[in-house]
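Working notes, structure below.
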Amino acid sequence: MKVAIYARVSSDRQAEKELSIPAQVKAIQQYCLEKEWTITHQFIEKGRSAKTDDRPEFQKMIALAKRSNRPFDAVVVHKFDRFSRKRDDHVIYKALLNQHGVKVISVTEQTQSETPQDMLLEGMLEVISEFFNANLAVEVRKGMTQNAKQGYNNGGTPPYGYRTEHMALGHQKTKAVWVLGPREEIETIRWMFHQYAYENVGYKKIASMLNDQAVPTQKGGKWSATTVRAMIHNESYLGRKIWNKQDYQTKGNKWRDRSEWIITENAHPAIINEDLFNRCQQKAKERHNGGGVIHRDSQIKKSSPFWLRGVFCCDKCGSRMVGNSTATTKKYGGQRYYVCGGYMRKGKEFCPYVSWRKERIEQIVTNKLRSVLLRLTFDNQLEEEIRKYHSDSYRHVWIEKNNVESEVAYLDRRITQLEGELKSGVGKAYYVDMLEDLKGDLVVKQGELDKIRESYSELELSEETLKSLMHDIRVMIGILDDEVQNPQLMNEYVKKFVSEVTVHRETKHVYMTVELWGEQQLLYQKVVVAVL
């Protein structure tokens, strides 16, 4: 039986020290050797938690297992918790693999899931693993909460102006605390707060002034308005340690209510006083009508009218183009533009100013996208275009494959010829060395050929996939045809078909990349051009 090895460690520290992965792989290899199984692939996950399925090697393994010409019949792990610590993921992915004829086998927890007893045992092991993980998370959180209340650091990089030091607590225990950084950074912070509070200088101008003075950021890069804004509202500069701001179960996307925050006063040396900080907060409210708040409840966030956000990019620096509106006047009225986000955040030193009228660029994208999609709805055009794209994408692979196959065939013929001459007695003495060299070259070329063949994947285009794509295309055309377009709906659906839009500012040519995807596979891609 052909099998794949899957090994994983949870933390970067474990991965760096290589405490777990070599042991797992060795045990699995020994187990497979005893069973006389052939190992075709190894998927090694370093520093990845099994509480989620967001693991690159894991997803690569699942994708290979789903192919019709899958290279293995089973996935072998050291323990089931290496596969997943979350019961739902374990059940879902194991069932998915089972549908494609692939088993999940544990070296240390040997069950075959063929009898009710084995199914019960495996289920209990999965539940115990999930309980252990959840309980460990609770205990770790308790420790981190107590740590934060005492003003110690729970990890992460300290803000600009601070550094991390470890203080000894006895019994070889240490705790991380923040201390003041270089004097230049401290003076820069105080200068920034003073400029904003008393000189009426905004975020973008402060960033531009720092860049003009060649003052490096914490990572040695350029300053941006976003960075300055975050610092002006960072309470750490008051000597205040704040933890538990974000809900990390949502990967930090959701902010907790301030009542849930753990706030410790005088946890580290302050850089500015509270009067200066409060003056900056008041200035932010006056300047931006409340815009100084750096996080808001997502439920009250207004939807943007700029539906090309996320796909429209600057042709010079590659930054996303962002929406910008001019002030409404009696004479001209307000106008809306897409402006380079790099320029908006970091100034003209980073990227020259460029803007495009919202209505015009959106109209061009609408018309071009409708034209491309309509063409795909005719007869069997959708399937033909997908198959043509797939064939063109692998054309270079086929050329390389033919070349290597010719070399392999030549080496085969030459080896056969030399072996025949040696066997008949007409061969020279040095033919033996030539033969060994040719056989070595053949092994190398055969390996190259195997890799080329592995890099090619057959196109799996089912009737269901075509129907699903056609349905989405017709829905998109209907949305494009609406007289009054819904920006939120447009943004959501356009991203399904358009990966990038750019405008070449010298020629004013609009380039739009149209893509069709099916089951995590790019099925079709085309770049269309229009004139602004």
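The values are calculated or read from the model by the stated rules, or taken from the named source; none is laboratory data. Just so it is clear, the model here is predicted, and its values are computed rather than measured. Glycine also receives a Cβ, built like all others from the backbone with ideal geometry; neighbour counts cover every protein chain displayed. Surface accessibility is based on the protein's heavy atoms, side chains included, excluding ligands, DNA and RNA. Shrake-Rupley method; radii C 1.70, N 1.55, O 1.52, S 1.80 Å.
Quick notes on this structure:
- Residue match in the stretch 509-521 (condition: over 26 Å from Leu376 (Cβ atoms) and out of contact with any helix residue (DSSP H, G or I) (no Cβ under 6 Å at 6 or more places or on another chain)): no
- Among the residues of the stretch 389-408, those identified as over 33 Å from the mean Cα position of the chain (by Cα) and touching a residue at least 24 places away in the same chain (Cβ under 8 Å) are Val404, Glu405, Glu407, Val408.
- Extreme residue, modelled with the lowest pLDDT, among residues of the stretch 1-43 that are over 10 Å from Phe72 (Cβ atoms), polar (S, T, N, Q) and out of contact with any Ser or Thr (no Cβ under 9 Å at 6 or more places or on another chain): Gln24
- Considering the stretch 193-208, and only residues there that are in a helix (DSSP H, G or I) and within 17 Å of Leu276 (Cα to Cα), the residue that is most open to solvent (accessible area, probe 1.4 Å) turns out to be Tyr198.
- Residue check for Asp315: among the acidic types (Asp, Glu), surrounded by 15 or more Cβ atoms within 10 Å (Cβ to Cβ) and either under 30 Å from Val498 (Cα atoms) or modelled with pLDDT of 80 or more (or both): yes
- Answer residue from the stretch 153-175, given it is within 24 Å of His233 (Cβ to Cβ) and either assigned to a helix (DSSP H, G or I) or at pLDDT 75 or above (or both) and is most open to solvent (accessible area, probe 1.4 Å) among those: Thr157
- Qualifying position, being within 35 Å of the chain's Cα centre (by Cα) and part of a loop (DSSP other than H, G, I, E, B), among Phe378, Phe350: Phe350
- The number of residues in the stretch 255-283 that are at pLDDT 85 or above, surrounded by fewer than 15 Cβ atoms within 10 Å (Cβ to Cβ) and assigned to a loop (DSSP other than H, G, I, E, B) comes to 4.
- Residue that is nearest to Glu515 (Cα to Cα) [pool: residues in the stretch 419-446 that are open to solvent by less than 30 Å² (accessible area, probe 1.4 Å) and assigned to a helix (DSSP H, G or I)]: Leu438
- The residue that is farthest from the chain's Cα centre (by Cα), counting only those in the stretch 459-485 that are modelled with pLDDT under 85 and farther than 22 Å from Tyr389 by Cα, is Glu483.
- Members of the stretch 477-506 found to be in contact with a strand residue (DSSP E or B) (Cβ under 8 Å, 6 or more places away or on another chain) and loosely packed, with under 14 Cβ neighbours inside 10 Å, listed by number: His504
- Options Leu516, Leu449, Leu459, Leu469: the member that is touching a residue at least 24 places away in the same chain (Cβ under 8 Å) and in contact with a His (Cβ under 8 Å, 6 or more places away or on another chain): Leu459
- Residues of the stretch 380-418 that turn out to be open to solvent by 80 Å² or more (accessible area, probe 1.4 Å), closer than 17 Å to Val443 by Cα and β-branched (Val, Ile, Thr), as a count: 1
- Within the stretch 452-462, restricting attention to residues that are assigned to a helix (DSSP H, G or I) and closer than 18 Å to Ala63 by Cα, the residue that is most open to solvent (accessible area, probe 1.4 Å) is Glu454.
- Long-range neighbours under 8 Å by Cβ, at least six apart or interchain, first residue touching a residue at least 60 places away in the same chain (Cβ under 8 Å) within the stretch 359-388, second among the acidic types (Asp, Glu) and open to solvent by 10 Å² or more (accessible area, probe 1.4 Å): Arg370/Asp481; Leu376/Glu385
- A residue that is touching a Ser or Thr at 6+ places or on another chain (Cβ under 6 Å), open to solvent by 50 Å² or more (accessible area, probe 1.4 Å) and in contact (Cβ under 8 Å) with a residue 24 or more places away in the chain occurs somewhere in the stretch 339-355.
- Tabulated pairs, the stretch 34-47, first farther than 14 Å from Arg82 by Cβ, second in a helix (DSSP H, G or I) and open to solvent by 50 Å² or more (accessible area, probe 1.4 Å), C-beta under 8 angstrom, 6+ apart or interchain: Ile39/Gln29
- Options Asp88, Asp73, Asp81, Asp53: the member that is touching a Gly at 6+ places or on another chain (Cβ under 7 Å) and either modelled with pLDDT of 90 or more or open to solvent by 10 Å² or more (accessible area, probe 1.4 Å) (or both): Asp73
- Among (1) assigned to a helix (DSSP H, G or I); (2) farther than 30 Å from Glu463 by Cβ; (3) under 30 Å from the mean Cα position of the chain (by Cα); (4) at pLDDT 90 or above - the single one Met321 does not satisfy: (1)
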